[in-house]
Amino acid sequence: MKNKLIFMVAIAVIAVLAAYAIMFQVRYDQVAVRTTWDKAIEPARDADGNIDPNNSGSLILDAGYGFKLPSPIQKVRFYSKKVQLLEDQSSEIQTADGYAVIVKLYVAWRIEDPYAFFLRLETEEAARKQLASMLSELKVVISTYRFDQLVNTDPEKIKLQEIEQKSLEQLREKLGAIDPGYGIKVERVGIRRIILPEETTQKVFEAMAAT
């Protein structure tokens, strides 16, 4: 009886391990790429370049369970469908009129084309590194504006929305110039924080006193 129980437990463990090796689950908020020997089959596309859901190649676009050959023959990579947020490191820049400010930017992005994303970047970490590098370059946009266009008691003089829109357009232009693309769509570029260094704060107080 004891030997029979041990045998049944062993069979159950083997069955679970076998299922784990050949089955996978795609969540509702994910898309997956099933590769064979690390190669992916390109999906069919319509005239507008959109992926044909009926002939999606190696892409798995719908949530549910799927099967694969054991690794390393076939592997499955999962990518999020959600909009992801990346924050840049705070850094000091100079405004057009010579004031120093510390600025922190952020970018909201998502994976628009999983096949192109897999080919060019493969991992979301690699995407974040590429975007962080581009995001840092966008601070040049802020340096073309005066200090009073960043910080002002009169909301009509503040140009933060204009700066964010220009930054968004420039980042999209940079990504669009990459051929083939990364499969990324940038939804928004924003200013998370503006901090005044002590030197700038002193200049502001002096200007206020003079006024």
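The values are calculated or read from the model by the stated rules, or taken from the named source; none is laboratory data. This one's a predicted model, so the numbers in the text were calculated from it and none came from an experiment. Cβ: placed from backbone, ideal geometry, glycine included. Neighbour counts: every protein chain shown. Remember, those area values only see protein heavy atoms, side chains included, never the ligands or the DNA or RNA. Shrake-Rupley method; radii C 1.70, N 1.55, O 1.52, S 1.80 Å.
Which order do Glu173, Glu125 take when ranked by solvent-accessible area (1.4 Å probe, heavy atoms of all protein chains), largest first?
Working: Glu173 130, Glu125 90 Å².
The ordering from most to least exposed comes out as Glu173, Glu125.
Keeping all protein chains in place and using 1.4 angstrom, which order do Asp29, Asp46, Asp148 fall into by accessible surface area, from largest down?
Ranked list, largest accessible area first: Asp46, Asp148, Asp29.
Excluding residues on the same chain fewer than 8 positions from Lys39, give the aspartates and glutamates whose Cα lies under 19 Å from its Cα.
Asp113, Glu122, Glu124
Sorting check: for 32-38, 93-99, which peptide has the highest mean count of neighbouring beta carbons within 10 Å, and how do the rest follow?
32-38, 93-99
Starting from the residue with the highest accessible area, list Ser71, Ser80 in decreasing order, probe 1.4 Å.
The ordering from most to least exposed comes out as Ser71, Ser80.
Quick one: if the Förster radius is 30 Å, what FRET efficiency do Asp179 and Thr123 give, using the C-beta to C-beta distance and rounding to 0.05?
On the way: r = 21 Å, r/R0 = 0.70.
That gives a FRET efficiency of 0.90.
Quick one: Cα centre-to-centre distance for the stretch 149-187 and the stretch 21-91, in angstrom?
Each part's Cα centre sits 29 Å from the other's.
Could you work out how far apart the two model spin labels at Arg27 and Ile41 are, taking each label as a point 7 Å from the Cα in the direction of the beta carbon, and quote it in nm?
So the label points at Arg27 and Ile41 sit 2.8 nm apart.
Got a number for the accessible area of Arg146? Probe 1.4 Å, square angstrom, nearest 10.
For Arg146, solvent-accessible area is about 110 Å².
Given the protein chains as shown and a 1.4 Å probe, how many square angstrom of Val76 are accessible, to the nearest 10?
It works out to around 30 Å².
Taking the Cβ of Leu160 as the centre, find all other residues whose Cβ is under 14 Å away and add up their charges (Lys, Arg: +1; Asp, Glu: -1). Don't skip to the answer; put the middle values down first.
Working: positive: Lys104, Lys139, Arg146, Lys157, Lys159, Lys166, Arg188, Arg192, Arg193; negative: Asp148, Asp154, Glu156, Glu162, Glu164.
Net of charged neighbours comes to +4.
How many Lys pairs in the stretch 84-189 lie less than 28 angstrom apart by Cα atoms, where the lysines are 8 or more positions apart or on different chains?
22
Full extension from Arg172 to Glu87: what is 0.36 nm times the residue separation minus their Cα-Cα distance, to one decimal in nm?
28.9 nm
Nearest 0.05, what FRET efficiency do Glu112 and Ser136 give at R0 = 25 Å with Cβ-Cβ as r?
E(calc), rounded to 0.05, equals 0.65.
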